[in-house]
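The values are calculated or read from the model by the stated rules, or taken from the named source; none is laboratory data. The model shown is predicted, which means the values in this text are computed figures rather than measured ones. Every residue, glycine as well, gets a Cβ built from its backbone with ideal geometry; the counts of neighbours run over all protein chains shown. Accessible surface areas use protein heavy atoms only, side chains included; no ligands, DNA or RNA. Shrake-Rupley method; radii C 1.70, N 1.55, O 1.52, S 1.80 Å.
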Amino acid sequence: METKIFKINSLAEDEEIISYCADVLRSEGLVVFPTETVYGLGADACSSLAAKKIYTAKGRPSDNPLIIHISTPSEAEGYAYTSSLYYKLAKRFMPGPLTVIMKSKDTVPLATRGGLDTVAVRCPENEVARALIKAFGKPVAAPSANLSGSPSPTSAKHVIDDLMGRVDVIIDGGECDFGLESTIVRIEEDGSLTLLRPGKITPDDLMCVTEKINISSAVKRELKADEVAQSPGMKYRHYAPKAPLVLLDGDFDAVINYLSIQADTSFALIYYSDYEEKLTKLFPNSKIYFFGKEKDELSQAKLLFSILRKADKQGYDIIYAPVPNENGIGLALYNRMIRAASHTIKKL
Ligand code: TXA
Ligand code: MG
């Protein structure tokens, strides 16, 4: 199919683009749009046909459910059985990078929710995303706009690389602010929360709303063969780099000692920019991607997926990266990086 690309410069001037895209959604077409986390591959959340088109365009298994995106928190009423805890979360974090899983109403087709009795709801902050959902007037189902198995896209260029010819429209709204996907929590029947995917909204942030939070064990480790996934996405390999990614668990000195004895292999390294001068001197023939200072998790989050995409194109034998710390936003980086590395951590 022909894919149209629209660049949005200012919402006030580009109203026509938004209304055109809302019409594409009304005719059950696919519209890629920016959010503050990653780009989303959007379609009418209430149409089974549209949901199926999403799974086909992404090459995604149809039992892996889609998040429905709404423009105001109360819109969830039409689609999910909400609770006071939902509204407490909404008051504090919506619009923003939080997805809440609740019991679904029948208005959401089974195709959209991957056959589950629950539905994932998110009210994004990005103004283009909000304008599109408002103009459409109904929820927009959207997974990340990458081909299944590649890192989530944080720029329109990434989307074009993956989905050109597979979607009707790509809205180019520049780079995503955060760069990792939303935090996902599930509201349990006993009024507690389960964290299924860490993101910019951290467990400490959630503690301000309720102290009853469980962190799903799959956030930090691999599911065992016989373990049931609390979220279908957990059981799929998220990103399979062509070169294996290995996380190095050790301080800077241990890392350089280890890399010095790997001189024969063509490796790339992802590392903290605090060490830029030393590393470029020590390894002048190796490619080193700097993704921000050690304490600057926001920079690391913003650059991680784009670096993984770049590194993948270069044909290295192996890619090394540090093990992120697990605190605050570090937990989101840790979760994405151990998955990209297929849980391969080298203790130094
Ligand atoms: O930031 C984000 O959340 C982005 C933007 C576009 O909003 N979306 C996104 O969607 O990351 P996706 O489909 O790539 O990841 C959503 C995850 C999947 O792992 C899916 O299995 C899980 O959410 N999920 C969706 N509905 C669920 C449900 N009812 N129960 C459990 N897990 C669910
Ligand atoms: Mg995804």
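The alpha carbon centroids of the range 318-339 and the range 126-179 are separated by 24 Å.
Taking all protein chains as shown and a probe of 1.4 angstrom, T154 keeps an accessible surface of around 10 Å².
Relative contact order for the range 38-175: what is it in percent, counting Cα pairs under 8 Å that are at least 6 residues apart? Kindly include the intermediate steps, with their values, before the conclusion.
Numbers: 252 pairs, mean separation 49.5, N = 138.
So the answer I get is 36 percent.
Charge tally for D117 (other residues, Cβ to Cβ under 13 Å; Lys, Arg +1; Asp, Glu -1): +2. Solvent exposure of the range 154-210 amounts to 36 Å² per residue of accessible area, where only protein heavy atoms count and the probe is 1.4 Å.
By the rule of a C-alpha distance below 12 Å, with chain neighbours fewer than 8 residues away ignored, the aspartates and glutamates paired with K52 are E28, D44, D63. Once you've got the Cα coordinates, tell me which of K220/K287; K91/K157; K134/K302 are over 30 Å apart. The answer is K91/K157. Using the Cβ-Cβ distance between Q262 and S62 with R0 set to 56 Å, the FRET efficiency works out to roughly 0.85. Modelled this way, with points 7 Å down the Cα-to-C-beta line, the labels at N285 and R221 are 4.1 nm from one another. Taking all protein chains together and rolling a 1.4 Å probe, C46 ends up with roughly 50 Å² accessible.
Please give me the summed charge of the neighbours of L348: other residues whose Cβ is under 11 Å from its Cβ, Lys and Arg +1, Asp and Glu -1.
That works out to -1.
Relative contact order, percent, of the range 156-210 when contacts are C-alpha pairs under 8 Å separated by at least 6 residues? Working shown, then result.
Working: 45 pairs, mean separation 13.8, N = 55.
RCO, the range 156-210: 25 percent.
Were the residues from E294 through D161 laid out at 0.36 nm apart, the gain over their Cα-Cα distance would be 44.9 nm. Taking the protein heavy atoms of the chain in the context of the full set of protein chains, the accessible area attributed to carbon and sulfur is 49 percent at 1.4 Å. Shape class of the range 19-132 from the Cα gyration tensor (axes a ≥ b ≥ c, square roots of the eigenvalues): oblate, since a/c reaches 1.5 or more and a/b does not exceed b/c.
Looking at the square roots a ≥ b ≥ c of the eigenvalues of the Cα gyration tensor of the range 276-323, which shape do they give, rounded for a/c under 1.5, prolate if a/b is larger than b/c, or oblate? Oblate shape, in that a/c is at least 1.5 and b/c is the bigger or equal ratio. Model label points for K278 and Y236, set 7 angstrom from Cα along the Cα-to-Cβ axis, are 4.1 nm apart. Does anyone have the angle between helix 48-58 and the longest principal axis of the chain? Alpha-carbon axes, 0 to 90°, nearest 10? Relative to the chain, helix 48-58 is tipped by roughly 20 degrees. Per residue, the average separation of C-alpha pairs within less than 8 Å and at least 6 apart gives the chain a relative contact order of 19 percent. What number comes out for the charge environment of P139, summing +1 per Lys or Arg and -1 per Asp or Glu over other residues with Cβ under 9 Å away? Summing Lys/Arg as +1 and Asp/Glu as -1 gives -1. With 0.36 nm allotted per residue and the present C-alpha distance subtracted, the L110-S74 stretch has 10.8 nm of extension available.
Between rounded, prolate and oblate, where does the chain land on the alpha carbon gyration tensor, with a ≥ b ≥ c its root eigenvalues, rounded for a/c under 1.5, else prolate if a/b exceeds b/c? Intermediate values should be presented prior to the final figure.
On the way: a/c = 1.91, a/b = 1.44, b/c = 1.32.
Because a/c hits 1.5 or more and a/b exceeds b/c, the chain counts as prolate.
Calculated FRET efficiency, S19 to K91, Cβ-Cβ distance, R0 = 25 Å: about 0.25 to the nearest 0.05.
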